[in-house]
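**Student:** Input: one structure, supplied below.
Read the figures in this text as sums done on the coordinates, not as results from a lab. Just so you know, these numbers come straight off a predicted model, no measurement behind them. Cβ: placed from backbone, ideal geometry, glycine included. Neighbour counts: every protein chain shown.
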Amino acid sequence: MKNQKGFSLIELLIVVVIIGIIAAIAIPNLLASRRSANEGSAISSMRAYHAAQATYASTYGDGNFAGIPFVINSFTVLGSVNIIDSSLATGNKSGYTFAGHSVARTATSPACHLAQSFPLTSTGVAATGTRDFTVATAGVVNTRVSNGTAGWGPAPCDIAADMSPLNN
């Protein structure tokens, strides 16, 4: 009988089972980390949008903000004058969709703006995020569990009643 070297079938199966257990533990944590990173990027993008709107109003808009309500996305306008980066100007970044608008000032009311972001997919294993984010003229980022509907309230620059200020 020859001196055989190598692993038995049982030893190989044990290794495969151990690798499977490690993967079952690590993959959900990896996906949760990705969702968390996407949400952090969305929050940062909303803050960048707010700062960009202030810059636009003072340099290009003569006191008015970028975007026409429900006609022209503010992100597109801000990207066209190079105030925000080109990936955010497309309205999609890091698994989130962004939309914004403004209302011009009148003799009786000041100009205002509002933007929202929501995950491309908010449920299941492939979820890119679980929360919506909204920021208005005041600059407070608001959040809620994503439900796939718009984050503005009854007036074009009002935050929806079911949103609450972000605590971070």
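**Student:** For a quick check: with amide H placed at 1.01 Å from N, whose amide H comes under 5 Å from ALA160's, ignoring anything fewer than 5 positions away on the same chain?
**Tutor:** Those qualifying (amide H under 5 Å, at least 5 residues apart or on another chain) are TRP152, GLY153.
**Student:** Going highest first, how would you order 112-119, 55-62, 135-142, 160-167 by mean Cβ packing within 10 Å?
**Tutor:** Numbers: 112-119: 26.0, 55-62: 15.2, 135-142: 18.0, 160-167: 12.6.
The densest-packed peptide leads the list: 112-119, 135-142, 55-62, 160-167.
**Student:** Could you give the angle, 0 to 90 degrees to the nearest 10, between helix 9-59's Cα long axis and the longest principal axis of the Cα atoms of the chain?
**Tutor:** 10 degrees
**Student:** Using a Förster radius of 41 Å, what is the FRET efficiency between ALA155 and THR130 based on their Cβ-Cβ separation? Nearest 0.05, please.
**Tutor:** Working: r = 27 Å, r/R0 = 0.66.
So the FRET efficiency works out to roughly 0.90.
**Student:** I'd like the FRET efficiency for ARG34 and ASN167, computed as 1/(1 + (r/R0)^6) with the beta carbon distance as r and R0 of 25 Å, rounded to 0.05. If you can, show how the numbers build up before the last one.
**Tutor:** Details: r = 22 Å, r/R0 = 0.88.
With a Förster radius of 25 Å, E is 0.70.
**Student:** Under a plain spin-label model, where a point goes 7 Å from the Cα along Cα-to-Cβ, how far apart in nm are THR90 and ARG105?
**Tutor:** Taking the two extended label points, one gets 3.5 nm.
**Student:** Give or take rounding to whole Å, what are the principal axis extents of the alpha carbon atoms in the range 9-165, in descending order?
**Tutor:** For the range 9-165, the Cα spread along each principal axis is 82, 33, 22 Å.
**Student:** Among PHE65, GLY153, ASN92, pick out the residue whose Cα is farthest towards the positive end of the charge dipole of the chain, where Lys and Arg carry +1 and Asp and Glu carry -1 on C-beta, about the Cα centre.
**Tutor:** ASN92
**Student:** Which of ILE84, ILE18, ILE43 moves most in a GNM of the chain, Cα contacts under 10 Å?
**Tutor:** Highest fluctuation among the options: ILE18.
**Student:** How high is the relative contact order of the range 9-165, in percent, counting Cα pairs under 8 Å that sit 6 or more residues apart?
**Tutor:** Details: 282 pairs, mean separation 29.0, N = 157.
That works out to 18 percent.
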